[in-house]
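Here the structure comes first, spelled out in structure tokens, and everything after it is commentary.
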Amino acid sequence: MAKSLLSSSLSTRTKLLQQTGVSIYSTSNGFNEEEVKKVLQQFPGGSVDLQKKYNGIGILTLNNPNKMNAFSGAMMLQLLERVIELENWTEGKGLIVHGLKFFNTFCLFLFFEDGMALSMFMQNTLTKFMRLPLISVALVQGRALGGGAEFTTACDFRLMTPESEIRFVHKEMGIVPSWGGASRLVEIIGSRQALKVLSGALKLDSKKALNIGMADEVLQSSDATKTLDEAQEWLMQFVNGPPEVIRAVKKSVCSGKELYLEEALQNERDLIGTVWGGPANLEAIARRGKFNK
């Protein structure tokens, strides 16, 4: 009996990870997404722009320079729309997230009365983002503060320019990270370092971020156009290949990170079924055959 209950639970967890459009919160958790959306609409300004390129790399741009790129309510709604759009981009392989002039998304906390509702909305959105079958990179140009710092943790990698900075300033605002940033930070740099970063509201310049594993690389240039080109070149080493293979790799890593071992193994088995004997697999076999002759 216990085994059957466990199997049922594991199956539910696997389906939650695999399905698109699924929220981690619902009305049973006291979460009314439509009501939150109505409130967010009251805070206009800025945009979240998506460019899907022919090489399978998307560019997600946070654009609200007049407000130092602070995330408005409208931008939060647009982010969810862009994530849903990316879920359905079958040719996509990689994604770069950056902000115009700043990567700073800390403002709405001052005006949104229900912090828990906002927390659940953004946790939903960033969890869906994290589970995208795309290899994602946060390109930090300038400062990533507060919610911006949390957003960087939802990406697979983080690249910084020499003068850039990541800082979780939540403690100084009398709050704590609530978009999932603290949980993801622990996974990225470990619990001891995460405690230091959060409790000290430490300024992580590019050198310090690289040393503790928060940043994956410091780019050479600080010029906005050049750094975006550098970031694309850096990302290409991981997304060079057929979309179905790259996406399957990302899905397998997500399942290994989020699921129990038995579920993750089952998910790997299911994923190999999507690429075994496929065009990329057959082409690779043909190349190997020619090489061995």
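Observations
- Qualifying residue in the stretch 136-148 (condition: modelled with pLDDT of 95 or more and basic (K, R)): no
- Top-ranked residue in the stretch 153-193 [being open to solvent by 50 Å² or more (accessible area, probe 1.4 Å) and polar (S, T, N, Q); ranked as nearest to the chain's Cα centre (by Cα)]: S183
- Qualifying residue in the stretch 194-207 (condition: under 19 Å from H98 (Cα atoms), of a type in the set (A, V, I, L, M), touching a Lys or Arg at 6+ places or on another chain (Cβ under 9 Å) and surrounded by 14 or more Cβ atoms within 10 Å (Cβ to Cβ)): yes
- Of all residues making up the stretch 258-273, the number that are assigned to a helix (DSSP H, G or I) and either crowded, with 17+ Cβ neighbours inside 10 Å or among the acidic types (D, E) (or both): 8
- Subset of the stretch 129-142 (residues that are open to solvent by 20 Å² or more (accessible area, probe 1.4 Å) and under 18 Å from A182 (Cα atoms)): M130, R131
- Test: S255 is open to solvent by less than 100 Å² (accessible area, probe 1.4 Å), at pLDDT below 95 and assigned to a loop (DSSP other than H, G, I, E, B): no
- Considering residues of the stretch 28-54 that are loosely packed, with under 12 Cβ neighbours inside 10 Å and farther than 21 Å from L118 by Cβ only, the residue farthest from the chain's Cα centre (by Cα): Y54
- Among the conditions (1) at pLDDT 85 or above; (2) within 19 Å of L145 (Cα to Cα), I59 misses just one, which is (2).
The values are calculated or read from the model by the stated rules, or taken from the named source; none is laboratory data. Here the structure is a predicted model, which is why all the values come from computation and not from measurement. Glycine also receives a Cβ, built like all others from the backbone with ideal geometry; neighbour counts cover every protein chain displayed. With ligands, DNA and RNA removed, areas are computed over all heavy atoms of the protein, side chains included. Shrake-Rupley method; radii C 1.70, N 1.55, O 1.52, S 1.80 Å.
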